[in-house]
1. What is the sum of charges, Lys and Arg at +1 and Asp and Glu at -1, for the other residues whose Cβ falls under 11 Å from the Cβ of C254?
2. For the range 128-135, in order, what is each residue's ³J(HN,Hα) by Karplus, 6.51 cos²θ - 1.76 cosθ + 1.60 with θ = phi - 60°, in whole Hz (x at glycine and Pro)?
3. In µm²/s, what is D for the chain at 10 °C and 1.306 mPa s, where D = kT/(6 pi eta Rh) by Stokes-Einstein and Rh is the Kirkwood radius from Cα pairs?
4. Quick one: net charge of G244's neighbours, Cβ under 13 Å, K/R +1, D/E -1?
5. Heavy atoms of the protein only, probe of 1.4 Å, neighbouring chains included. What is the accessible area of D280 in Å², nearest 10?
6. Rounded to a whole number, what % of the accessible area of the range 20-154 do carbon and sulfur atoms account for, probe 1.4 Å?
7. Could you grab the relative contact order for the chain? Cα pairs under 8 Å, six or more apart, rounded to a whole percent.
8. Quick one: net charge around A42, please, counting Lys, Arg +1 and Asp, Glu -1 for every other residue with C-beta under 14 Å from its C-beta.
Amino acid sequence: MNMADQTHLQPSIRGALRFDEPMRKHLSWRAGGAARQFFVPADTADLAAFLRRLPAREPICMLGLGSNLLVRDGGFAGTVVLNHDTRAVVHLEGERVFAAAGVACPKVARFAATRGLEGAEFLAGIPGTVGGALAMNAGCYGSETWAHVQQVRTIDRSGRVRVRLPGDFQIGYRHCAPHPGARDEWFIGAWFGLRPGDAARARERIRELLSRRIATQPLGLPNAGSVFRNPAGDHAARLIEASGLKGFCVGGACISTQHANFIVNPRGLGSAADIEALIDRARAEVLRQHGVELVPEVRIIGDPA
């Protein structure tokens, strides 16, 4: 039997269920092993039905645009749920913007700007989905996701959907952790509170931010955005460059010559092990030479080859 796609064996779900799915196809680094199960839900009700069928201890990874995740070359012995959908909902609810977790962050920025709302422009510079931005409190250019969140919608293993407040989470710089009552839940949407403003000014701000990204980041090469959080009062890129690692390579992956807090995989030939080795080398050298412990922003899951 072909195990690549067994949707027909799961009569209660409508989405696509695949087995041994190569994650390099779904990660912005274009590297990594396979997921034992990979599910693309048709909608929230379908996701709920699927989650209810999983064993209680099944490891689950929610995936958006794959821009903040590395799956080791040995693969992930669990279930990956693809939560990115170009058709996902973003709309106004009164004076708030609601966005499903699968909406790309730049889409939210553009949606808000065209409706004369300001405050979400920074989301144009985040290469991920709303769900991922919530999970790590993503931010750039002085703004953070949770600073604008009023409520979120979550789903748990039983398929139960809840609406939660920011107070249900421990939120910090590039960090969001649930309080005990909100554990084992995943984001499926959020309401953003934005301020009325000038649409033309908001669109111009987005253009400025995107121009800055293009000028300073290696966007033409496979990468996962900033690899490390900036330490207090400093920048990870400066510390890595000062450690002599700008342009340093392991296998097919390299620390970017354009921005030292980016690891690039120029021809897609680098392995997850190559990328992880660069992460470890940067951390070790910055600690040895500068006494600063860099904290990764990217999430690493799975088993070595």
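1. Computed value for this residue: +1.
2. Couplings: x, 9, 4, x, x, 5, 5, 5 Hz.
3. 79 µm²/s
4. Around G244, the surrounding residues sum to +2.
5. 80 Å²
6. Roughly 50 percent of what the probe reaches on the range 20-154 is carbon or sulfur.
7. That works out to 18 percent.
8. My count for the surroundings of A42 gives -1.
The values are calculated or read from the model by the stated rules, or taken from the named source; none is laboratory data. These numbers were taken from a predicted model, which means no experiment stands behind them. Methodologically, a virtual Cβ is constructed for each residue, glycine included, from the backbone with ideal geometry; neighbour enumeration extends over all protein chains shown. These accessible areas exclude ligands, DNA and RNA; they are computed on the full protein's heavy atoms, side chains included. Shrake-Rupley method; radii C 1.70, N 1.55, O 1.52, S 1.80 Å.
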